[in-house]
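The values are calculated or read from the model by the stated rules, or taken from the named source; none is laboratory data. For clarity, every value in this text was computed on a predicted model and none was experimentally measured. Every residue, glycine among them, receives a Cβ derived from its backbone with ideal geometry; neighbour counts consider all protein chains shown. With ligands, DNA and RNA removed, areas are computed over all heavy atoms of the protein, side chains included. Shrake-Rupley method; radii C 1.70, N 1.55, O 1.52, S 1.80 Å.
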Amino acid sequence: MELSAKLPSLGVPTTLNSSSDLDQLVPHVESAIDSVKIWQFYVFDTQASVQEIAQALESGKAKSWSGEPLQGKSVDELAQIAKSTPGLIENYRAWSGRFCTKADAAVAAGFVTAAYPGDDSTNLASKWGKIVDVLNVDLYAECNDDVKAAKSQVVDRLKYTRLDAGGPRMGEISEKWVNLCDN
């Protein structure tokens, strides 16, 4: 909606009469979608997670790990175990807020301590960050696929509502039009 109001100042056609007009608009649509940082609704905030785990380790709040043996497992294996351990990861794929996917710091601290016994809290927190990075790979990929689909759907909708002979041919894209849609 903000983009609709800014189109005249961007020098982009506000009335689409051809595919060329739409092609001029597409980069601005994609930029507007990218600017809202949808990826933040998908992934862990790695730095915040590392800090939370470090605090849990330093304060002695790590919960004792009672799950399967972790020592000697690869980071990828640890990530898969973490993902499937009830109570370790909160809001996984919930998309309910920015960086809503988090680890229970006490459980994660116990998990990483069991995986790397004898390491100090700084190393353990850093190793937890590597596990989170592995978890984030799939989440970023999922986000990228969803954002790509959203961009395509917005462009297809513009094509249908503004250009297609069988579409409603809605006319100018403007702030006034956006406000009419809010009612």
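Observations
- At a probe radius of 1.4 angstrom, the accessible area of the chain per residue rounds to 57 square angstrom.
- Table column - 3J(HN,Hα) (Hz), the stretch 66-82, Karplus curve with 6.51, -1.76, 1.60, x for Gly and Pro: 10, x, 5, x, 10, 4, x, 7, 6, 4, 4, 5, 4, 4, 5, 5, 4
- Estimated vicinal HN-Hα couplings, Hz - the stretch 107-119 in sequence order (Karplus 6.51, -1.76, 1.60; Gly, Pro = x): 5, 5, 5, x, 4, 5, 5, 5, 6, 10, x, x, 6
- Per-residue ellipticity at 222 nm computed for the chain from its helices equals -19000 deg cm²/dmol, with DSSP H segments shorter than 4 residues left out and the rest contributing -39,500 (n - 2.57).
- Of the solvent-accessible surface of the stretch 52-144, computed with a 1.4 Å probe over protein heavy atoms with every protein chain present, carbon and sulfur atoms account for 49 percent.
- Quotient of C-alpha Rg and 2.2 N^0.38 Å, computed over the chain: 1.46
- Computed over the alpha-carbon atoms, the stretch 1-62 gives an Rg to Rh ratio of 1.40, Rh here being the Kirkwood radius from the mean inverse distance.
- Length added when fully stretched, ALA165-ASP34, from 0.36 nm per residue minus Cα-Cα: 44.2 nm
- Close amide H contacts of ALA103 (hydrogens built in the peptide plane, cut-off under 5 Å, sequence separation of 5 or more or a different chain): GLU90.
- Label point at VAL137 placed 7 Å out along Cα→Cβ; residues across the stretch 88-114 whose backbone nitrogen lies under 19 Å: 93
- Max mean-square fluctuation residue, GNM over the chain, Cα-Cα springs under 10 Å, options TYR160, TYR42, TYR140: TYR160
- For the chain, the relative contact order comes to 32 percent (Cα pairs under 8 Å, sequence separation of at least 6).
- FRET efficiency for the pair LYS73 and GLU2, taken as 1/(1 + (r/R0)^6) with r the Cβ-Cβ distance and R0 = 45 Å, rounds to 0.45.
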